[in-house]
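Comments concern the structure below.
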Amino acid sequence: MLEINQNQKEFWNGPGGEAWVTGQETLDSAMRPVTDVLLKAADVKSTDRVTDIGCGTGETTLEIARHAASALGVDVSAPMLALAKERAEQAGLSNVQFEQRDVQTEELQADATLAMSRFGVMFFEDSVAAFANIRRQMVSDGRLCFACWKTPRENTWVSLPMSIVRQHVQDDTPPDPHAPGPFAFADDTRVRSILEEAGWKDVELNPVEFDMAWGESPEAAAHGLIERGPLRRIFVGDPSISEETKQAIIKGIQDALPPSDGGIFLKGAIWIVTAKAG
Ligand SMILES: C[S@@+](CC[C@H](N)C(=O)[O-])C[C@H]1O[C@@H](n2cnc3c(N)ncnc32)[C@H](O)[C@@H]1O
């Protein structure tokens, strides 16, 4: 029998975690606009005890620890947490901790005043159970603030490369839009109903768009989309696709990327979601 969230635990302790550890600097710099908008929406206070949900390699936990009383980053990925701990030591931050926990089922931080996350909440098998677990462990006037992706269609960093892939590879299996994964929270009605069912109040979703940096040149951007983006599943995870097809996809993407002096930027579209525990 599979344990709860087993597929995600394997992915984030395997290829997913590896891609985020090796790409940490590039990913954090590409997502800097998200971190900024998230921190502003979270309105962190110097008295806050913050839990960072699915904290990964710790960028937002470290950033928040600079403004709050304390920050705890929780995640299922051992390699990502190891890098997060290393970064906290290097930064000399003594009010930050990292723990390996499944947010859906395990103890987090008692009496947290703020639960926040940058893209760490879309991977639960049972999202209502996970958000109820987070809420149970907060003070009665605790706040929730997280960023999640809107649909792949609205995110050019996904839709552009995938339109090229579809010219070369036939994939007839329609994806389940609600399955645990980066786009599982794209539907605002669904997010609202998950949070309300888990007991959260005053749920608000605000759309934000930003420019995501993918590299200095079309070649670098295509490489990034393969190493850390939506093409990874096809290039690294699907042995049935020939080398010739992969090269044709890379060329198609390089030709389609908008030329720019300052680097290659593709549109990211997210929700910033806020709610109150009571
Ligand atoms: C897309 S990454 C985002 C990481 C980090 N928040 C960031 O922005 O750099 C998603 C994270 O959620 C974590 N995650 C997935 N399921 C989880 C669960 N059930 N409990 C805790 N963390 C989980 C993964 O291990 C991964 O680090």
Any idea how many residues of region 149-173 are at pLDDT below 95 and in a loop (DSSP other than H, G, I, E, B)? 5
Answer yes if at least one residue in region 84-104 is under 17 Å from the mean Cα position of the chain (by Cα), part of a helix (DSSP H, G or I) and not polar (S, T, N, Q), and no otherwise. yes
So for region 192-202 (the condition being over 21 Å from Trp12 (Cβ atoms), in contact (Cβ under 8 Å) with a residue 24 or more places away in the chain, surrounded by fewer than 18 Cβ atoms within 10 Å (Cβ to Cβ) and not charged (D, E, K, R)), does at least one residue qualify? yes
How about region 204-278: which helices (runs of 4 or more DSSP H) wholly inside it have at least 1 residues that are more than 25 Å from the chain's Cα centre (by Cα), more than 30 Å from Ile53 (Cβ to Cβ) and of a type in the set (Lys, Arg)? 243-256
From Phe146, Phe124, grab the single residue that is modelled with pLDDT of 95 or more, within 24 Å of Ile4 (Cα to Cα) and near the ligand (Cβ under 8 Å from one of its atoms). Phe124
Taking the stated definitions as given, is Thr113 within 12 Å of the ligand (Cβ to nearest atom) and either in contact (Cβ under 8 Å) with a residue 40 or more places away in the chain or of a type in the set (A, V, I, L, M) (or both)? no
For region 22-42, which residues satisfy the criterion of being away from the ligand (no atom under 12 Å from the Cβ) and either hydroxyl-bearing (Ser, Thr, Tyr) or in contact (Cβ under 8 Å) with a residue 60 or more places away in the chain (or both)? Thr22, Pro33, Val37, Ala41, Ala42
Being polar (S, T, N, Q) and more than 10 Å from the ligand (Cβ to nearest atom) is the filter here, so list the residues in region 90-110 that pass it. Gln90, Ser94, Asn95, Gln97, Gln109
Identify, please: which residue in region 132-190 is among the polar types (S, T, N, Q) and farther than 30 Å from Ser242 by Cα and is, among those, surrounded by the most Cβ atoms within 10 Å (Cβ to Cβ)? Asn133
For region 7-21, which residues satisfy the criterion of being free of Cβ contacts under 8 Å to residues at least 60 places away in the same chain and more than 10 Å from the ligand (Cβ to nearest atom)? Glu10, Gly14
Quick one: which of Thr57, Thr47, Thr51 is among the polar types (S, T, N, Q), within 10 Å of the ligand (Cβ to nearest atom) and touching a residue at least 24 places away in the same chain (Cβ under 8 Å)? Thr57
Every residue from region 174-203 that is β-branched (Val, Ile, Thr) and not in a helix (DSSP H, G or I): Val203
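Every residue, every condition in (1) charged (D, E, K, R); (2) under 24 Å from Thr35 (Cα atoms), yes or no:
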| residue | (1), (2) |
| --- | --- |
| Ala132 | no, no |
| Pro161 | no, no |
| Arg166 | yes, no |
| Ala179 | no, no |
| Phe183 | no, yes |
| Arg192 | yes, yes |
| Ala198 | no, no |
| Asn206 | no, yes |
| Asp211 | yes, yes |
Given (1) more than 12 Å from the ligand (Cβ to nearest atom); (2) farther than 30 Å from Ile226 by Cα; (3) free of Cβ contacts under 8 Å to residues at least 60 places away in the same chain, Lys85 misses just (2)
Being out of contact with any Gly (no Cβ under 7 Å at 6 or more places or on another chain) and within 23 Å of Asp36 (Cβ to Cβ) narrows Thr105, Thr57, Thr61, Thr113 down to just Thr57
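The values are calculated or read from the model by the stated rules, or taken from the named source; none is laboratory data. Everything numeric here is computed off the predicted structure, so don't read it as measured data. Cβ coordinates were reconstructed from backbone atoms using ideal geometry, including for glycine residues, and neighbour counts include every protein chain displayed.
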